[in-house]
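The values are calculated or read from the model by the stated rules, or taken from the named source; none is laboratory data. Note that the structure is predicted; figures quoted are calculated from it, not measured. Don't worry about glycine lacking a Cβ; one is built from the backbone with ideal geometry, like all the others, and counts go over all protein chains shown. Accessible surface is based on the protein model in full, side chains and every heavy atom, while ligands, DNA and RNA are left aside. Shrake-Rupley method; radii C 1.70, N 1.55, O 1.52, S 1.80 Å.
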Amino acid sequence: MFEVFCTFQRKIRRFPHQYFLHLRIQHAQELLKQGDYTMEDIAQFCGFSDVPHFSNAFKKITGETPEQFNTLNR
(Lines give C-alpha, C1' and ligand atoms only; values in the text may rest on other atoms or scores of the structure.)
Protein backbone atom coordinates (compact mmCIF):
# COMPACT_ATOMS: atom_id res chain seq x y z
CA MET A 1 0.00 0.00 0.00
CA PHE A 2 2.84 2.38 0.83
CA GLU A 3 4.23 1.83 -2.67
CA VAL A 4 0.93 2.95 -4.22
CA PHE A 5 0.96 6.06 -2.04
CA CYS A 6 4.51 6.93 -3.11
CA THR A 7 3.73 6.34 -6.78
CA PHE A 8 0.69 8.63 -6.55
CA GLN A 9 2.74 11.32 -4.86
CA ARG A 10 5.51 11.11 -7.49
CA LYS A 11 3.12 11.29 -10.45
CA ILE A 12 0.69 13.91 -9.11
CA ARG A 13 3.28 15.82 -7.03
CA ARG A 14 0.86 16.10 -4.13
CA PHE A 15 -0.22 13.93 -1.27
CA PRO A 16 -3.53 12.21 -2.00
CA HIS A 17 -5.43 14.25 0.61
CA GLN A 18 -4.13 17.49 -0.95
CA TYR A 19 -5.13 16.34 -4.43
CA PHE A 20 -8.66 15.47 -3.34
CA LEU A 21 -9.02 18.71 -1.38
CA HIS A 22 -8.13 20.64 -4.55
CA LEU A 23 -10.74 18.65 -6.49
CA ARG A 24 -13.36 19.47 -3.86
CA ILE A 25 -12.47 23.18 -4.04
CA GLN A 26 -12.63 23.13 -7.86
CA HIS A 27 -16.09 21.59 -7.61
CA ALA A 28 -17.08 24.29 -5.13
CA GLN A 29 -15.87 26.97 -7.54
CA GLU A 30 -18.07 25.56 -10.29
CA LEU A 31 -21.08 25.47 -7.97
CA LEU A 32 -20.41 29.04 -6.84
CA LYS A 33 -20.27 30.23 -10.47
CA GLN A 34 -23.68 28.67 -11.11
CA GLY A 35 -25.18 30.73 -8.29
CA ASP A 36 -27.99 28.24 -7.66
CA TYR A 37 -26.86 27.01 -4.23
CA THR A 38 -26.37 28.33 -0.72
CA MET A 39 -23.00 28.16 1.02
CA GLU A 40 -24.45 25.43 3.24
CA ASP A 41 -25.44 23.39 0.18
CA ILE A 42 -22.03 23.81 -1.45
CA ALA A 43 -20.17 22.90 1.74
CA GLN A 44 -22.26 19.76 2.07
CA PHE A 45 -22.03 18.82 -1.62
CA CYS A 46 -18.23 19.12 -1.47
CA GLY A 47 -17.86 17.05 1.67
CA PHE A 48 -17.17 19.69 4.30
CA SER A 49 -18.62 19.37 7.79
CA ASP A 50 -19.80 22.98 7.95
CA VAL A 51 -19.52 26.37 6.25
CA PRO A 52 -16.61 27.70 8.36
CA HIS A 53 -14.55 24.58 7.59
CA PHE A 54 -15.39 24.98 3.89
CA SER A 55 -14.55 28.71 3.91
CA ASN A 56 -11.21 28.15 5.63
CA ALA A 57 -10.20 25.40 3.20
CA PHE A 58 -11.38 27.46 0.22
CA LYS A 59 -9.34 30.49 1.31
CA LYS A 60 -6.27 28.36 2.02
CA ILE A 61 -6.36 26.94 -1.53
CA THR A 62 -7.54 29.96 -3.54
CA GLY A 63 -6.40 32.92 -1.45
CA GLU A 64 -9.92 34.31 -1.24
CA THR A 65 -13.10 33.48 0.61
CA PRO A 66 -16.02 31.86 -1.21
CA GLU A 67 -17.88 35.16 -0.90
CA GLN A 68 -15.01 37.06 -2.55
CA PHE A 69 -14.83 34.43 -5.29
CA ASN A 70 -18.58 34.78 -5.79
CA THR A 71 -18.36 38.56 -6.14
CA LEU A 72 -15.52 38.42 -8.66
CA ASN A 73 -16.87 35.54 -10.78
CA ARG A 74 -20.53 36.28 -11.29
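Comparing 46, 35, 21 along the charge dipole axis of the chain, the residue lying farthest to the positive side is 21, per the Cβ-charge model.
Each residue of the chain gets 95 Å³ once the volume of the Cα convex hull is shared out per residue. Sequence-ordered 3J(HN,Hα) estimates for region 46-61 from the Karplus curve with 6.51, -1.76 and 1.60 and θ = phi - 60° stand at 9, x, 9, 6, 6, 5, x, 4, 4, 4, 5, 5, 4, 5, 4, 7 Hz, glycine and proline given as x. In this Cβ point-charge picture (+1 for Lys and Arg, -1 for Asp and Glu), the chain has a dipole of about 500 debye about its Cα centre.
Computed per residue of the chain from DSSP H runs no shorter than four, each worth -39500 (n - 2.57), the mean residue ellipticity at 222 nm is -23000 deg cm²/dmol.
Within the accessible area of the chain, the carbon and sulfur atoms contribute 53%, probe 1.4 Å, all protein chains present. Angle of helix 16-34 to the longest C-alpha principal axis of the chain, folded into 0 to 90 degrees and rounded to 10: 20°.
Computed over protein heavy atoms with a 1.4 Å probe, the accessible surface of the chain works out to 72 Å² per residue.
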